[in-house]
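A.B. asks: Shown below is the structure under consideration.
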Amino acid sequence: MPGVRAVYMMFLSFGGFQLRSPIPRTLADDAICGLHTIHQLGVLQGDPAARNILVHPDRPGITWIDFERAEFVRPRAVLGILSPNRKRKLGRSHEEGKCQNGKSSKKTPASEIGQAKTELARLVVKQSTDRIRSGYRSGSRG
C-alpha cells in the first residue's frame, strides 16, 4: 500500500512466556486492548490465538507475536455526501475485511476480537473451575 511503512521485527532474545492458564482477568483485558490497537493501525493479526501472546516477567503488559498471516486492511471511506454518479465511479466502497491486495477476506476486526475473547475466557474461567475442583477434592466447600 503506498505510503505505508511496514516494520518487521525479529525477537533474537527472550520475548516472554506464552500464556498459560490460569491468567488474571486484567491480563486478558490487556490482550484484547492490544488487539484493538493493532486493528486501529489498519492491521488484522491473522491468528489471534492465546499461543501468540507473550508475557514477560520483567515488563508489564503483553506482546502480540506471529504476524505471518497478518493483513493490511484499507481504511474505511470518509463519510460524506456522494453523488449517485460518484458512487458508481468508485466501484465498491472500502469495507472492513478488504485486504491491501484487493482480495476479499473473511476476517474482520470484530471476528478476531471474538476469537481472542473466546480463547482468553477459557484461560481465565479455567482458573475459577480449578479452584472449585480443588476445593471439592480437599473436602472444603466455599
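The values are calculated or read from the model by the stated rules, or taken from the named source; none is laboratory data. The shown structure was predicted, so the numbers you read here are calculated from the model rather than taken from an experiment.
A.B. asks: Would you confirm, using the coordinates I've provided, whether Ser140 is at pLDDT below 95 and either of a type outside the set (S, T, N, Q) or in a helix (DSSP H, G or I) (or both)?
C.D. replies: no
A.B. asks: Please work out which one of (1) modelled with pLDDT of 75 or more; (2) on the phi < 0 side of the Ramachandran plot is the condition Lys98 fails and give its number.
C.D. replies: (1)
A.B. asks: Which of the residues spanning the stretch 41-81 are part of a loop (DSSP other than H, G, I, E, B), within 20 Å of Ala28 (Cα to Cα) and either within 12 Å of the chain's Cα centre (by Cα) or among the hydrophobic types (A, V, I, L, M, F, W, C) (or both)?
C.D. replies: Scanning the stretch 41-81 gives Gln45, Gly46, Asp47, Pro48, Ala49, Ile65, Asp66, Phe67.
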